Amino acid sequence: MALSSILRIYRARLRVRAVVVQELLAVLGIGVGVALLFASQVASTSLNGSVAELSKDLVGNMQLQLQARGPEGFDKKLLYSVRRIPGVAQALPVLQEQADAIGPTGRESVTLLGAAPSFAHSGGPLLRRFSTAQLAGQQELGLPAPVAKAIGAESLLPIEVQVGTRISSTLLGATLQEGDIGALVNSPVAIAPVAYAEQLTGMVGKVSRIFVKTEAGHEAEVRASLVKLAAGRLNVEPADFDSTVFAKAAAPANQSAELFSAISALVGFMFAFNALLITAGLRRELVGELRRHGATRAMTVGTLLFDALILGVLGCALGLILGDALSAALFAGNPGYLSYAFPVGSQRIVTWQSVAIAVGAGMLAAIVGVLAPLRSTLSRPPRRSARVEDLPGAGPGVDRGPTAATLAAGLACLIATTAILIFDPAGAVLGSLTLLAALLLLLPALFDAVLAGFERVQRMLPSAAMSLAAIELRAPVTRTRSLAIAATGAVAVFGSVAIGGARANLQGGLNRTAKDMNRVADVWVSVSGAANTLGTTPFRIGSAARLAQLPGVRSLAIYRGGFLDIGDRRVWAIAPPASSPAPIPASQLLEGDLARADARLRAGGWTVVSKAIADERHLQIGSSFLLPSPHPIVLRVAGLSTNIGWPPGAVILNSADYARAWGGAEASAYNIDLQPNASPARVIAEIGRALGPRSGLSVQTAGQRELEWRASSHEGLARLSQISVLVLIAAALAMAMAMAAMIWQRRHQIAYLKRQGYRRGVLWRGLLCESAVLVGAGCSIGALFGLYGQVLLSHALAHVTGFPVVFSVGVTVAVSSVALVSVAAATIVAVPGYLAAGMKPSVNPG
Amino acid sequence: MLELRDLVKRYRVGEGEPIRAVDGVSLNVGNGELLALYGPSGSGKSTLLDLVAALLKPDSGEVLFDGLEISALSEEGAARYRLHDLGFVSQQADLLPGALVIENAALKLWLSDPRRAQARVRPLLERLGLGDRLKQRAEQLSAGERQRLTIALALSTDPRLVLADEPTGSLDSKRGREVLGLLREVCKERGVAMLLATHDPQAAAFADRVFELRDGRLRPYEPAAVAPGARAVGGAGAVGVAGSAGPAGVAGSARAAAGAS
């Protein structure tokens, strides 16, 4: 059929107001679906992308880097040796330290980047806006505008910078805008000339990394020379290695985000599909008309595909706008805990893949939804196409229930999920998808079972409203839509319960870790700043002896800790003092005898490593391994632990071993125990006075520190809760919209019942009852599968990522999710239901 | 039992003059009486039935049912009246799609006696020849069976009056005669009055009395006005053949065709 004819048909149809309204509803449905999918995609890509972009924009076209293993850096003179290596085209030093920028109204954790002047023309885009002169001689800092705003600082006004315990006054030389550094404006960085950074950090003559650009074809030999130069005390890695290490650290967060993306996609698709089912009647009539007037199948399909194109394009455009707003409003932050070791930015990164996936799903929903009526109409003679008898399920020979093949496929998916749970917990995402497939395949049969139960109840407690609801629920005419509505609720609640439950288990595990790790001392003294929540910033032991003498203090011990790259894992090294009551938290030990491991750790030369690291490196209890610290030492494995809440994993070693391995006697915290009758508040005040106002140290009780940890982990998991709620809201809206449309399309039937003497109240109760059963059945089935999904995901978190997980069945999450969606959908439906029930019995003038 | 007093109902179509769909109709229907309103499409038959069913309010005049003024009933009162005192049989054989035969028949009884509704309606379905179709869905029935099912629904609450609006309009003449015969028979058995609106002279012949409605006005039946060429019902008389039969003759021949006593 010619496009002009299709256009004429389309324009003619749009003159009918009901058609326009229904088509707009379909556009809205597709839009909401696309928005959900797009927003969750952007959330996922933004997390990884923020670190990768910073890395790329800093190093430009450098290929390799020589990297310090600890915060103390290494001798700058090594730069000359690197430059002398044959094949090195360029070598640029960077001094990088965790710092706090302090302004008139607040403080923000930033990564201080001290860059060499030559970065101005040889580095990545981040430093190109600076002149060589700026990076050579100026004694000031550059801060991205959002950081400057957060601390209340303005250009050319003084601010303070704290590195470790060292607090320096400086000048905010430049507020970097988006026009200067693009999306990196959202990265928490502070930029200074390397010489000035040395001064601010107190690391004169030291650098953290040397980035190397090699001449063409010389990368391998330069790498070999760098390894030789590193002498086992420095790391030689690709220039953009930070993004690799970050990807490993963010893997669990990304994996859950990916799973939610898939679930969002499905809910979005169901939303759009439900919306399109509203227009199925209109399209069925159109197909009938076209065929009666002699249109061939190809012409009919062409006309419908044009409809799909219009709906899809409008819906996708709306969805991308909504999704963008959603991701900006809800997903602006990133998991805070990862910023302890990485410069995680809050920029939103939109890739073409995110757009393509969202638009693809939207168009697919439009095409499937628009072509759906064809199945039932093209198979019949044209003259009957538009009649009620041709509605799906109305005539003989129509599939009215789940087939044996569907049931078998559903059971096979369920068995596959169980097999994955038992034999390959690593395949949690795949397992979740097979479980989701099982849910969708078994849904018709389970839905029928719920209906059978409802009918049984209805027979025991007969009433007109329940009888009407029962009839409507099992009517083949509306079965497709009923199942689509139930499936929408089921998928949304499945995702919410599975991920929400696993999140609750993980939160429980992290809370326990926070307690176990912090309650080993009454009071902690550590470098202040949010980035030091884990106690990983070293400071000089100067005040220890003085503090130990304060009234109320029973003992003071030195705690050490920091980050260390082991392969592509940035591992948390934990070194409690030998006097610690529990150097290995009992709840975190997965393998090994606690008492023996404890004794070995206190004796020295032994370590407890996260199981994930041990598995990767084939370590067992008793194995020896070389800790790749600044001063490498050989340790033996005393036990295997969880990852202690840090995604890439942890190693626990004796405090003295740590000092040896890091080549310094600095502390990361003082663990202070109080006299039995001492008042913690009074002792804390005493310690604060003794340290002085500009010590750069904070004093906290174990309880305060535990709360800080909890808040941090809660923030890290907040995005999962947000997406979960969003999916539930979208599902409730989708179901309410579909049910409201279903009620609206049933107005002739309602009029018929009113003619028979049915009153508004009975009809309204019938509609509410039907809605409640429909939504409740879908959501409950979803919740049931969601509980299984929770077991699957919790299992994966515990066994694959090594997170400390407290296993529990998330009945609360399940019940609240079912209640939230059911009540919301039923409440929304109550209004159109009441209006429809109040309509006049139809009258036929004649 | 039913008395219509000078009923008037006007409709306005677009900007034009109002059309008098029912124009000063007065009529009495006695207990158990079968009365036909004969007339072409647009003559006001359905409007008149809707006024009787309290689905419409008259512009003037009264509808009295056992002395009670129907047009003054509230929405609730009208619903109760339709539930307990009226039964409907229409051309479309309106039924609940998806509901079983027995459920469709028990639809009205669910409101008054939900626990025994299906048991109460079963003998009636058997009487109407649907005893072996109870567990089938309505849309699986033939057109004639569907119409019999609407009769079952109409009579399920033992109403005093059945309003039948072109009940054979969607059936062929043989099935139409069967259904009308059955409807007449069952109404007579139960002493239920019926107001039958039809444009079909053969259908009108099943009534005890026939009135003609034309342009909203009710007038005595004049066989000459019936479309020429209409055939005699059951071959025993002629309806619509000018001068061949009066109202009594029509009724008599219809009863003969239905096998009624």
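Bear in mind these aren't lab numbers, they're just calculated from the coordinates by the rules spelled out. Just so we're clear, the structure is a prediction, and the values are computed from it rather than from any experiment. Every residue, glycine among them, receives a Cβ derived from its backbone with ideal geometry; neighbour counts consider all protein chains shown.
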Could you tell me how many of the residues in segment B:187-211 are acidic (Asp, Glu) and either assigned to a strand (DSSP E or B) or buried (at least 20 other Cβ atoms within 10 Å of the Cβ) (or both)?
2
Restricting to segment A:216-228, name every residue that is surrounded by 13 or more Cβ atoms within 10 Å (Cβ to Cβ) and in a loop (DSSP other than H, G, I, E, B).
A:His218
Options B:Gly129, B:Gly77, B:Gly87; residue that is part of a strand (DSSP E or B) and either buried (at least 23 other Cβ atoms within 10 Å of the Cβ) or out of contact with any Pro (no Cβ under 9 Å at 6 or more places or on another chain) (or both)
B:Gly87
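So that you can scan it fast, the table gives a plain yes or no per residue for (1) loosely packed, with under 14 Cβ neighbours inside 10 Å; (2) away from chain A (no Cβ under 14 Å); (3) without any contact (Cβ under 8 Å) to a residue 40 or more places away in the chain:
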position	(1), (2), (3)
B:Glu3	no, yes, no
B:Arg10	no, no, no
B:Val13	yes, no, yes
B:Pro18	yes, no, yes
B:Asn28	yes, yes, yes
B:Glu33	no, yes, no
B:Leu55	no, no, yes
Does segment A:579-591 hold any residues that are more than 16 Å from A:Ile644 (Cα to Cα) and touching a strand residue (DSSP E or B) at 6+ places or on another chain (Cβ under 8 Å), and which are they?
A:Ser579, A:Ser580
Within segment A:454-494, the residues that are of a type outside the set (A, V, I, L, M), at the interface with another protein chain (Cβ under 10 Å from one of its Cβ atoms), out of contact with any helix residue (DSSP H, G or I) (no Cβ under 7 Å at 6 or more places or on another chain) and assigned to a helix (DSSP H, G or I) are A:Arg459, A:Pro476, A:Arg479
For B:Arg120, work out the one condition from (1) under 24 Å from B:Glu178 (Cβ atoms); (2) in a helix (DSSP H, G or I); (3) of a type in the set (Lys, Arg) it doesn't fulfil.
(1)
Expected single match for more than 30 Å from A:Val344 (Cα to Cα), away from chain B (no Cβ under 14 Å) and in contact with a helix residue (DSSP H, G or I) (Cβ under 6 Å, 6 or more places away or on another chain) among A:Ala734, A:Ala702 is A:Ala734
Which one is nearest to the chain's Cα centre (by Cα), of the residues in segment B:142-200 that are within 14 Å of chain A (Cβ to nearest Cβ) and β-branched (Val, Ile, Thr)?
B:Val162
What residue, among those in segment B:117-141 that are free of Cβ contacts under 8 Å to residues at least 12 places away in the same chain and not aliphatic (A, V, I, L, M), is nearest to the other protein chains (Cβ to nearest Cβ)?
B:Gln140
Looking at (1) in contact (Cβ under 8 Å) with a residue 40 or more places away in the chain; (2) of a type outside the set (Gly, Ala, Ser); (3) in a strand (DSSP E or B), can you tell me which one A:Leu635 breaks?
(1)
Residues of segment A:740-781 being within 44 Å of the chain's Cα centre (by Cα) and part of a loop (DSSP other than H, G, I, E, B), in sequence order, are A:Gln745, A:Arg746
Of the residues that sit in segment B:93-103 and are more than 9 Å from chain A (Cβ to nearest Cβ) and touching a residue at least 40 places away in the same chain (Cβ under 8 Å), which one is surrounded by the most Cβ atoms within 10 Å (Cβ to Cβ)?
B:Val101
B:Leu111 vs. criteria touching a residue at least 12 places away in the same chain (Cβ under 8 Å), assigned to a strand (DSSP E or B), buried (at least 23 other Cβ atoms within 10 Å of the Cβ) and of a type outside the set (Lys, Arg):
no
Of all residues making up segment B:66-101, the number that are more than 17 Å from A:Tyr752 (Cβ to Cβ) and touching an Asp or Glu at 6+ places or on another chain (Cβ under 7 Å):
2
Here are some conditions: (1) within 14 Å of another protein chain (Cβ to nearest Cβ); (2) within 19 Å of A:Ala272 (Cα to Cα); (3) surrounded by 24 or more Cβ atoms within 10 Å (Cβ to Cβ). A:Tyr758 meets all but one. Which one does it not meet?
(2)
Scope segment A:54-63; condition surrounded by fewer than 24 Cβ atoms within 10 Å (Cβ to Cβ) and assigned to a helix (DSSP H, G or I); matching residues:
A:Ser55, A:Lys56, A:Asp57
Quick check on this structure: which one of B:Ser90, B:Ser43, B:Ser71 is away from chain A (no Cβ under 11 Å) and at negative phi?
B:Ser71
Contacts under 7 angstrom Cβ, first residue in segment A:672-700 being on the phi > 0 side of the Ramachandran plot, partner assigned to a loop (DSSP other than H, G, I, E, B) and surrounded by 12 or more Cβ atoms within 10 Å (Cβ to Cβ), 6 or more apart:
A:Gly696/A:Gly164; A:Gly696/A:Thr165; A:Gly696/A:Ser528
Cβ-Cβ under 6 Å, sequence separation 6+ or interchain: first residue in segment A:161-183 and surrounded by fewer than 22 Cβ atoms within 10 Å (Cβ to Cβ), partner of a type in the set (Val, Ile, Thr) and outside any strand (DSSP E or B). Which pairs?
A:Glu178/A:Val185
